[in-house]
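Worksheet: the structure to be examined is printed underneath.
The values are calculated or read from the model by the stated rules, or taken from the named source; none is laboratory data. What you see is a predicted model; the values in this text were computed from it and never measured. No Cβ is skipped: glycine too gets one built from the backbone with ideal geometry, and neighbour counts run over all protein chains shown.
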Amino acid sequence: MRKYLPIIITLASVLFLSQSVEAQCKGFAKKLCKLELAPYIHDGNYHAAILTEGEEAELYKTFYKGQKYRIVICGAEALPAIEFQIVDSYKNVLFDNTDHDMASKWDFSLESSQQLKVVIKVPVSAMQAEFPNSGCVAIMFGFQEE
């Protein structure tokens, strides 16, 4: 058992640190990103993760016909502007913020209920350092009451 003790301590430390970082990232989403949803009502979910320059992430979410929505993407200051696309199930790009001056939010409604894919990418900064920057990136969803 003693020979496994260093491994157990290392694993426990890694788990504790990753949970701490995740909690800080959700705190970032709650404190800063949620404000960008106004006047839309937050859907109650916090989607946030630590990403590094060059990384991509995807999130699937169902949206309903006739409802007005706002999607907000925000990233830590150390990161370059976050790229994002909204893609339907037929792989049609409904919105790409690189075509809209790197907008951090998009307001929309749909003519039919459907599941959409949100693709976010942290581009590599123009001043690429030896070690790429990492930071929290959050995706927030809001809706408007009729």
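Considering 23, 49, which residue is farther than 15 Å from residue 141 by Cβ, in a strand (DSSP E or B), at pLDDT below 95 and not β-branched (Val, Ile, Thr)? Criteria check complete, one pass: 49.
Within the range 20-65, the only residue that satisfies the criterion of being without any contact (Cβ under 8 Å) to a residue 12 or more places away in the chain and of a type in the set (Lys, Arg) is 31. Evaluate the range 57-65: report whether one residue or more is modelled with pLDDT of 90 or more, over 30 Å from residue 125 (Cβ atoms) and in a loop (DSSP other than H, G, I, E, B). Yes, the conditions are met somewhere in the range 57-65. Restricting attention to the range 37-54, which residues are more than 13 Å from residue 132 (Cα to Cα) and surrounded by 17 or more Cβ atoms within 10 Å (Cβ to Cβ)? The answer is 37, 40, 42, 46, 47, 48, 49. Considering the range 55-65, the residues that are under 24 Å from residue 110 (Cα atoms) and not polar (S, T, N, Q) include one that is surrounded by the most Cβ atoms within 10 Å (Cβ to Cβ), namely 63.
For the range 87-144, filtered to residues that are closer than 17 Å to residue 65 by Cβ and among the acidic types (Asp, Glu), the residue that is surrounded by the fewest Cβ atoms within 10 Å (Cβ to Cβ) is 111.
The set of residues in the range 70-97 that are over 16 Å from the mean Cα position of the chain (by Cα) and either over 12 Å from residue 119 (Cα atoms) or among the aliphatic types (A, V, I, L, M) (or both) comprises 89, 90, 92, 93, 94. Listed here are the strands (runs of 3 or more DSSP E) enclosed by the range 66-146 that have at least 2 residues being under 19 Å from residue 30 (Cα atoms) and at pLDDT 95 or above: 68-75, 105-109, 134-144. In the range 66-82 there is no residue that is surrounded by fewer than 14 Cβ atoms within 10 Å (Cβ to Cβ), in contact (Cβ under 8 Å) with a residue 12 or more places away in the chain and among the polar types (S, T, N, Q).
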